[in-house]
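Everything on this sheet refers to the single structure shown next.
The values are calculated or read from the model by the stated rules, or taken from the named source; none is laboratory data. Owing to the predicted nature of the structure, the values given are computational and were not obtained by experimental measurement. Here Cβ is always computed from backbone atoms with ideal geometry, including for glycine, and neighbour counts include all displayed protein chains. The protein model used for the area step is the full one, side chains on, heavy atoms only, and it has no ligands, DNA or RNA in it. Shrake-Rupley method; radii C 1.70, N 1.55, O 1.52, S 1.80 Å.
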Amino acid sequence: MTALLEVQDMSVTLKLAEGEMTAVQDVSFTVDRGETLGIVGESGSGKSVSSMAIMGLLPRGTRTDATTLRLGDVDLLSASEDEMARMRGNKIAMIFQEPMTSLNPVYTIGRQMTELMQLHKGVSGAQARARAVDLLEKVGITAAESRLSQYPHQLSGGLRQRVMIAMMLMNDPELIIADEPTTALDVTIQAQILNLLKDLQKELNIALIIISHDMGVVARVSDKIAVMYAGQVIETGPVSDVLHAPVHPYTQGLLESIPVPGQIEPGGALGSIPGLVPSLKTRFKGCRFANRCQRVHDNCQQGPVALQEAGSGQAYRCVLTPAQLRDGTPSLSARDAGDGSYGKGINMDASPVLQAIDAGCTFQVKQGMFSAAKPLRAVDNISLDLRKGEVVAVVGESGCGKSTLARMLLGLQEPTAGKIILGGQDIAGLSDMERSRKLQSIFQDPYSSLNPRRTIGEIIRRPLHLHGVGNVAEQRAKVDTIMERVGLPRSFYYNYPNQLSGGQRQRVAIARALILNPEIVVCDEPTSALDVSVQAQILNLLLELRAEMGLTYLLITHDMAVVEHIATRVVVMYLGRVVEVADTHTLFSNPRHPYTKALLKSVLTPEPGAGVPSVDLGTAYPNPINPPSGCTFHPRCEFASDICKAKAPVLESLSTTHQSACHMLEEEMA
Amino acid sequence: MLKFILKRLALGLAVAFTVSLATFLMLNLAADPASMVAGEDATQEAIEQIRVQYGFDRPLYVRFFEWIGQLVTGDFGDSYYWKQPVFDLLIDRAPVTLTLAAGALTVTVVLGLTLGVLAALKPNGWLDRFALSFGTAAQAVPNFWFGLILIILLGVTFPIFPVSGDSTWMHFVLPCFVLGTSAVPQVLRLTRTGMIEVLGSDYIRTARAKGFRPRQILFRHALRNALLPIVSVITIQIGYKLGGSVITESVFALNGLGRLAYESILGADIPTVQMLVFFFALVFIILSILGDILNAWLDPRMRVE
Amino acid sequence: MQTTANAVAAMADDIIDLTPKERMIRKAKSHLGFQFGAFIVISFALIAIFAPLFAPHDPYVQDLAKRLVPPVWAEGGSWEHILGTDHLGRDYLSRLIYGARVSMGVGFGAATLGCIIGVTIGLVAGYLGGRVDQAASFLLTCQLALPSLLLAMALVFFVGSSVTTLIVVLGVLHWQYYMVVTRTLTRQIRSLEYVSAARSIGSNDRQVLFYEILPNLFNQIIVVFSLEMAVVIIHEASLSFLGVGVQPPTASWGLMIAEAKTMMYFKPYLVVIPGAALFLLVLAVNLLGDGIRDITAPESRN
């Protein structure tokens, strides 16, 4: 029996001003009804381009070649544009990453859903509406009938993605391609959407392709996976085989670079792949991974490397044998969880180096051009202290106020209540110079944190210039030293930011933050814009520098896996308030607040076939302008009782290092 | 929605007041009004006499509020130069200018939108290049010169259109075309950019993934989104058309408000000039309010629940 | 994730590893509009500055015996007066060359004045935000409502026509575009992380404005400058054409067209020549502006 979708040796070539570029080369896979294929890869690996090639949606100037590209009995390669249009939205449906922008803002949900069915099936408007209502109910949307007349901007991101899924099911497609379907959503919503997709797929017997950069997502929902690198499938096979016994050095390295709670020593070095993903314009002679490979071999550059069988459907693209490649690599489970010594040497009785005392920040927000301003409590009465050597992580979903808290701690945002104390002095009374000598920051987006008009050297030297440290020659020498320390070639001094990769830019940002020898560094999502293998490099670098320079970190993040790996203490925020504080070990082994529990549950470690644990938080994250009464978490909490609606809980000490704000705990304590 | 309209009106009123103040101050401080009225060869005595006669000797703020009072009551005072009520002059001359503005706007919208949409269909294609070249050229042609060239070509060498006066619709063809093309580049570029942006957006990608053909995508999914920002530009353009009528009406000898303004300036007729400046500004303010309301009505995201 | 076209372009981006300057030079070399515009504008500027050297005759000397001599290519023309003479027998080419002075001078001067006003307001409004920004927006709305050409005509005529008056009046009435662009960009850049980074390494407001923000505005300001200069040049010509701009006997292209208007049916070249010069200059300035915009654009996505 042949599979529903068969892709054999597909290549996609782009025409550029400078010549041709092969974005995807010799990609092969099959997917059958009821089966899920996960395609995983870092940015630029060609995973999205492959899916667009199947849909026939690549822009002009691209060419798709393949020996076979077939869905059912339709040859997609030779199909005319008109035949392809009849397939799209009908036999093949696609779900995109950005639910916020993927629906047309000026038309109602109902119109966008029904037009799809009317286009392909020629049904009446009433029939299409009836089906739309059915499907909206199926994807778990309440009051489906009335939703039809709503516009996309009236729905939250999670709801829009549900609408998108329901819309794509209108014509009973045979194949659904989901390109990063949950990347733009909050972690607690991600589980809902993934489970919905899986359930529908089983029920309707659809073939599903999930494309993601997140190994956890792909591992848990796929039956088989394809790992892509630089435009090629570098390893493929049943998901448990590939994840438990990876053959290709890239797959091995990728898996080791993911911090998995409980499987790697906190504070220890992550496995990371040195170097950068090669440019696709490179004229590859042989293996595309050779320049970063630990097992590089004379044969690697001899010619194109074909996929080799490794038994039971697993295949890999390398010149060595599976036995050679597996030799000497520890398997995932063999890595240890550490002895718990990380973070133990910190003197918690010492006076704090940085402190927030009842700090709050309220913005006046205007919703419309002319409506009256309403208060938005971004940060509501938070107390927090950092002691020397700590790595304190502030975690929460988007909108919880963690970035505002970071800006307040940095002295960039004046608190509207309470105060921030740096080294015993109110930060408001310190000059820019005094403050910045002790306190530095690293930002999330390495593409916007460097001034595009300044060279790398100017950017790193700038703090020395502002603070008048030494003469130009001495400054230059310092820049050279720090560049070498963070792993930047000296030759980058005269380069501009646009010439560097994301990981390299983040190293520049780190160098700039550290050149003044600060005591404390506030890291705002330092790795969330980076690829997994690069994230590991940066996390390792941050940990090494902490040990060497005796730094204290305040880490702002939404990624619990990163937290578990590098934090010594964790602060969980929800709607501007702290709901739980504990040392990392306690928080992960014994979380007490229902929200912390949900956050931990939504961490998707790459466990093959484990499925996605359902995190049922009901409604979406509330709008901070209209926060719920009492405990702001109550509308989403399964344990909520009357008192939760009426009264906000206070932080209760459960032990010297563990506090949580929940009425259930208050009752327990009483 | 009602609240939005009311607030928009309040803002419009504030702008109108500020504009009237600015106009009054600029025109009355630019030169001594009494000597302007008296003329170049007037004696000092004659000037002083006029100063008292016309009330120029009173403080500036008194005269300003007197003018505001006139504006509110609809009695716009008398023209020094034309020796008749400014209001009558306005009523008398307005139809010509309004016809001109309407015709010019039609030219702008039809040419600008069509070329803009066509250009956006295939960026860098020959149509796009043609449209952009046309836009660049139209932007560089001085209005008055273009008018004269058209008069020489189509009025004299090939006498198809009458070249001066306003008695038939044929008289309006050339002036409308001249005034209309001057705004085409702006509308064209905006339509083109908006269209290209919309066609590259995520929701158009969704529409393609739904199996819609390019033509269906263009008319059913893209056009409305792309036209939203153009609505307000077009309302603003009507305002500029009125201001631009000064030149066109002079070139084609049309007896409209623009020509009235021109002649009043040369006649140092401050009341008429200041009334016309304010009138044009007021039309602009009203139009931009209408544009905003229209926009809010067309775009569901702007509708306030 | 962007659309696929962008993703593809983004992949192509990684390959480009030129400094911003190298990239600009490379783009300039293949941009015909920019080269043409730059060539014409520079030529006109040189002609304007060194007008006495280029002009074959004194542009003010009347020779009533040689009135309305046709240009060299027409019947009765001579190399003595390449572009012929006007109704007072003045050499047309010389007047054209001296006219460039007025156009370039008023264009450059008024655009500079507008630039100073607009960029200052835009920078302050965009950087400070809040009430200052609201006030600036209100000012902008008022300025947009005023019919600028009409007002310019009245003011220039009432104050008394001269090149200085023209520059001041046109400059004061043409700051909006600079302000909008500066304000929008300043707001955008202010929210970027490199400004936060600059603050956290200890930069004060002045250092952030002048070291981090302003250098990133330069290109766009130059683009606006050229487009506004084109507008101002046309406005000066229009005003002079209507008799409220530059006064005779000064040579201005607008004035030359006005003087030729009565003779345009039988001596059309008197209208065509100065108009063509005006068209060419404005076209070149526009092309130069568009060219600078294309060349300095971060990355063209199509």
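A single entry from A:Gln302, A:Gln294, A:Gln308 fulfils the requirement of being in contact with a Phe, Trp or Tyr (Cβ under 7 Å, 6 or more places away or on another chain) and open to solvent by 40 Å² or more (accessible area, probe 1.4 Å): A:Gln308.
Of all residues in the stretch A:436-464, those satisfying the criterion of being among the charged types (D, E, K, R) and more than 7 Å from chain C (Cβ to nearest Cβ) are A:Arg437, A:Lys438, A:Arg454, A:Glu458, A:Arg461. With respect to the conditions (1) modelled with pLDDT of 90 or more; (2) surrounded by fewer than 20 Cβ atoms within 10 Å (Cβ to Cβ); (3) within 12 Å of chain C (Cβ to nearest Cβ), B:Val141 falls short on a single one, namely (2). The one condition from (1) away from chain C (no Cβ under 12 Å); (2) farther than 22 Å from A:Glu390 by Cβ; (3) not aliphatic (A, V, I, L, M) that A:His467 does not meet is (1). Scan the stretch A:72-89 and give yes if some residue there is modelled with pLDDT under 90, part of a loop (DSSP other than H, G, I, E, B), surrounded by fewer than 24 Cβ atoms within 10 Å (Cβ to Cβ) and at positive phi, otherwise no. Within the stretch A:72-89, one or more residues are modelled with pLDDT under 90, part of a loop (DSSP other than H, G, I, E, B), surrounded by fewer than 24 Cβ atoms within 10 Å (Cβ to Cβ) and at positive phi.
Is it true that some residue in the stretch A:184-204 is part of a strand (DSSP E or B) and open to solvent by less than 20 Å² (accessible area, probe 1.4 Å)? I'd like the intermediate steps shown before the answer.
Initial filter on the stretch A:184-204 (part of a strand (DSSP E or B)): none.
Among the residues of the stretch A:184-204, not one is part of a strand (DSSP E or B) and open to solvent by less than 20 Å² (accessible area, probe 1.4 Å), which makes the answer no.
Only a single item in (1) in contact with a helix residue (DSSP H, G or I) (Cβ under 6 Å, 6 or more places away or on another chain); (2) away from every other protein chain (no Cβ under 13 Å); (3) surrounded by 19 or more Cβ atoms within 10 Å (Cβ to Cβ); (4) at pLDDT below 90 is not met by B:Ala183, and it is number (2).
If you check A:Val562, A:Val612, A:Val572 for being open to solvent by less than 40 Å² (accessible area, probe 1.4 Å), in contact with an Asp or Glu (Cβ under 6 Å, 6 or more places away or on another chain) and either of a type in the set (S, T, N, Q) or touching a residue at least 40 places away in the same chain (Cβ under 8 Å) (or both), only one passes: A:Val572. Among residues of the stretch B:57-77 that are under 16 Å from B:Leu276 (Cα atoms), none has a beta-carbon under 8 Å from a residue that is of a type in the set (D, E, K, R) and at pLDDT below 80 at least six positions away or on a different chain. Restricting the stretch B:233-268 to residues that are surrounded by fewer than 24 Cβ atoms within 10 Å (Cβ to Cβ) and either in contact with a Lys or Arg (Cβ under 7 Å, 6 or more places away or on another chain) or among the charged types (D, E, K, R) (or both), the residue that is farthest from the other protein chains (Cβ to nearest Cβ) is B:Asn255. Of all the listed residues (C:Val224, C:Val271), the sole one being within 26 Å of B:Arg259 (Cα to Cα), surrounded by 21 or more Cβ atoms within 10 Å (Cβ to Cβ) and more than 13 Å from chain A (Cβ to nearest Cβ) is C:Val271.
Which residues, counting only those in the stretch C:25-64, are of a type in the set (A, V, I, L, M) and closer than 18 Å to C:Arg293 by Cβ? Across the stretch C:25-64, the qualifying residues are C:Ile25, C:Ala28, C:Leu32, C:Ala38, C:Ile40, C:Val41.
Every residue in the stretch A:32-57 that is of a type in the set (S, T, N, Q) and either surrounded by 23 or more Cβ atoms within 10 Å (Cβ to Cβ) or modelled with pLDDT of 90 or more (or both), please. Scanning the stretch A:32-57 gives A:Thr36, A:Ser45, A:Ser48, A:Ser50, A:Ser51. As a summary of the residue check, A:Met549 satisfies the conditions (1) surrounded by 17 or more Cβ atoms within 10 Å (Cβ to Cβ); (2) within 27 Å of A:Val532 (Cα to Cα); (3) not charged (D, E, K, R) except for the one numbered (1). When the test is whether a residue is out of contact with any Gly (no Cβ under 8 Å at 6 or more places or on another chain), buried (at least 24 other Cβ atoms within 10 Å of the Cβ) and more than 9 Å from every other protein chain (Cβ to nearest Cβ), B:Thr272 passes it.
Of the strands (runs of 3 or more DSSP E) contained entirely in the stretch A:325-397, those carrying at least 2 residues that are modelled with pLDDT of 70 or more and over 30 Å from A:Glu607 (Cα atoms) fall at A:354-365, A:374-386. Is it the case that the stretch B:199-217 has a residue that's within 23 Å of the chain's Cα centre (by Cα) and either within 30 Å of B:Leu282 (Cα to Cα) or modelled with pLDDT of 90 or more (or both)? No.
Within the stretch C:252-271, how many residues turn out to be in a helix (DSSP H, G or I), more than 17 Å from C:Arg101 (Cβ to Cβ) and touching a Leu at 6+ places or on another chain (Cβ under 9 Å)? Walk me through how you get there before you give the answer.
Step one: of the stretch C:252-271, the residues in a helix (DSSP H, G or I) are C:253-263, C:269-271.
Right, trim to more than 17 Å from C:Arg101 (Cβ to Cβ) and you get C:258-263, C:269-271.
Narrowing further to those that are touching a Leu at 6+ places or on another chain (Cβ under 9 Å): C:258-261, C:263, C:269-271.
Here the count works out to 8.
When only residues in the stretch A:235-285 that are of a type in the set (S, T, N, Q) and within 22 Å of the chain's Cα centre (by Cα) count, which is farthest from A:Leu545 (Cα to Cα)? So that I can check it myself, show each step before the final result.
First pass over the stretch A:235-285, keeping only residues of a type in the set (S, T, N, Q): A:236, A:240, A:251-252, A:257, A:263, A:272, A:279, A:282.
Checking which are within 22 Å of the chain's Cα centre (by Cα) leaves us with A:251-252, A:257, A:263, A:272.
On the way: A:Thr251: 28, A:Gln252: 26, A:Ser257: 19, A:Gln263: 23, A:Ser272: 17 Å.
By that ranking, first place goes to A:Thr251.
Restricted to the stretch A:107-132, and to residues there that are among the β-branched types (Val, Ile, Thr) and within 13 Å of chain B (Cβ to nearest Cβ), the residue that is surrounded by the fewest Cβ atoms within 10 Å (Cβ to Cβ) is A:Thr108. Residues being open to solvent by 40 Å² or more (accessible area, probe 1.4 Å), farther than 20 Å from B:Leu287 by Cβ and in a helix (DSSP H, G or I): count how many of those fall in the stretch B:3-34. The total comes to 5. Right, B:Ile230: among the β-branched types (Val, Ile, Thr), within 11 Å of chain C (Cβ to nearest Cβ), more than 12 Å from the chain's Cα centre (by Cα) and farther than 30 Å from B:Asp75 by Cβ or not? Answer is no for this residue.
Do we have any residue at all in the stretch C:177-188 that's assigned to a helix (DSSP H, G or I), within 12 Å of chain A (Cβ to nearest Cβ) and either open to solvent by less than 10 Å² (accessible area, probe 1.4 Å) or on the phi < 0 side of the Ramachandran plot (or both)? Within the stretch C:177-188, one or more residues are assigned to a helix (DSSP H, G or I), within 12 Å of chain A (Cβ to nearest Cβ) and either open to solvent by less than 10 Å² (accessible area, probe 1.4 Å) or on the phi < 0 side of the Ramachandran plot (or both).
Scanning the stretch A:474-505 for residues being within 22 Å of A:Leu530 (Cβ to Cβ), within 14 Å of another protein chain (Cβ to nearest Cβ) and not hydroxyl-bearing (Ser, Thr, Tyr) gives a total of 12.
Right, C:Val106: open to solvent by less than 10 Å² (accessible area, probe 1.4 Å), facing chain B (nearest Cβ under 10 Å) and part of a helix (DSSP H, G or I) or not? The answer is no for C:Val106.
Of the residues that make up the stretch C:130-147, is at least one among the small types (Gly, Ala, Ser), crowded, with 22+ Cβ neighbours inside 10 Å and touching a residue at least 12 places away in the same chain (Cβ under 8 Å)? Checked the stretch C:130-147: no residue is among the small types (Gly, Ala, Ser), crowded, with 22+ Cβ neighbours inside 10 Å and touching a residue at least 12 places away in the same chain (Cβ under 8 Å).
Considering only the stretch C:27-38, how many residues are closer than 9 Å to C:Leu288 by Cα, of a type outside the set (S, T, N, Q) and either over 14 Å from the mean Cα position of the chain (by Cα) or open to solvent by 100 Å² or more (accessible area, probe 1.4 Å) (or both)?
Narrowing the stretch C:27-38 to residues closer than 9 Å to C:Leu288 by Cα: C:33-38.
So of that shortlist, the ones also of a type outside the set (S, T, N, Q) come out as C:33-34, C:36-38.
Next, only the ones that are either over 14 Å from the mean Cα position of the chain (by Cα) or open to solvent by 100 Å² or more (accessible area, probe 1.4 Å) (or both) stay: C:33-34, C:36.
Residues meeting the conditions: 3.
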